[in-house]
Amino acid sequence: MAMRATQWEFRHRTWLIFGIFCVGLACYGFDPHNSGQVVASWLRAHVAFLRAHSQQSSVRGIFLLGALVVGIGAMIRTWGAAYLRAEVQQDSKLRTERLVADGPFRYTRNPLYLGILIGVLGAGVLCSPAGWALQMALSVVFVYRLILREEGELLTTQSESFRAYCRVVPRLLPAIKPRVPVSGARPHWREAFAVQAPWWGIAAANVTWAITLRPSLAFAMAGAGFVFHVGQKYVLKVYARSVATAKGTR
């Protein structure tokens, strides 16, 4: 299928998503206005209650709302990662040896990608209006391509079990009630929060902007989350190689 992400895109999905954020921020080059400030100004012009407060208060409110939205996306991804496990989520290869249908996977087939789109929506206040729109559009297209690739592979490897799962669980927008019974799998929350550090870093960046009104500190906070993610991903891979080597020498 032409719309499916390539193997190269899947292998480098983390860097490509990071690249989408960079593209959004680069739009400041021709659109120098910040989305949070633009939205705050528009609301103050149309909502009498907000005109009784300062522009700074409105900006702070917008960024806190953005942090809440990013936090919702991050929590959905963390919930899904707790059942998917870090070694699967961070693997550069597509892992289809087992079908996960616990936690948020009982409501939507792709909670991790749903979390990305919600997170990007909330992160848009860090960008210019043009950057926000471009970032959102690129994310929707890329996520859709990744979903098509993963589901295509799962149809090949899991066959009828995945078809049955698809018949009852929505692809992206979650069902109100769980569509499949719980299997009793145990979530691993500590590693899940570590894996989702970039998204929690973006939520923290929005909060930092709201408190300090200093973009440089906000971007530093977001960058710290991504650096932590890359670092722990590298450590996890080194550890996995060492374990595999130790087993091979026995």
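The values are calculated or read from the model by the stated rules, or taken from the named source; none is laboratory data. As the structure is a computational prediction, the values presented were derived from the model and not from experiment. Ideal geometry is used to build each Cβ from the backbone, glycine not excepted, and the neighbour counts take in all protein chains shown. To get the accessible areas, we keep the full protein, side chains included, count just its heavy atoms, and leave off ligands, DNA and RNA. Shrake-Rupley method; radii C 1.70, N 1.55, O 1.52, S 1.80 Å.
Points to keep in mind about this one:
- Neighbour net charge for residue 142 - beta-carbon separation under 14 angstrom, K R +1, D E -1: +3
- Net length available on complete extension from residue 211 to residue 54 is 55.1 nm, with 0.36 nm assigned per residue and the Cα-Cα distance removed.
- Helix axis angle, 35-46 relative to the chain longest principal axis, alpha carbon, degrees: 50 degrees
- Other residues within the sphere of radius under 9 Å centred on the Cβ of residue 5, judged by their own Cβ, net out at +2 (K and R +1, D and E -1).
- Relative to the longest principal axis of the Cα atoms of the chain, helix 13-26 runs at roughly 10 degrees.
- Rounded if a/c under 1.5, otherwise prolate or oblate - the stretch 1-72, Cα gyration tensor axes: prolate
- Helix content alone sets the calculated 222 nm mean residue ellipticity of the chain: runs of n ≥ 4 DSSP H residues at -39500 (n - 2.57) each, divided across all residues, give -23500 deg cm²/dmol.
- Note on the chain: with neighbouring protein chains present and a 1.4 Å probe, carbon and sulfur make up 67 percent of its accessible heavy-atom surface.
- Overall form of the stretch 168-239: oblate. Here a/c, set by the Cα gyration tensor axes a ≥ b ≥ c, is 1.5 or more, and a/b is not larger than b/c.
- Gain upon complete extension [residue 183, residue 45; 0.36 nm per residue less C-alpha separation]: 44.5 nm
- Taking packing as the residue-averaged number of other Cβ atoms within 10 angstrom, the listed peptides 131-137, 26-32 run from highest to lowest as 131-137, 26-32.
- Set of the stretch 1-37 residues, backbone N closer than 13 Å to the point 7 Å along the Cα-Cβ line of residue 153: 5-14
- The listed peptides 138-145, 182-189, ordered by packing as a protection proxy, come out as 138-145, 182-189 (highest mean of other Cβ atoms within 10 Å first).
- In the calculated pair-distance distribution of the chain, the portion above 28 angstrom amounts to 39 percent of the Cα-Cα pairs.
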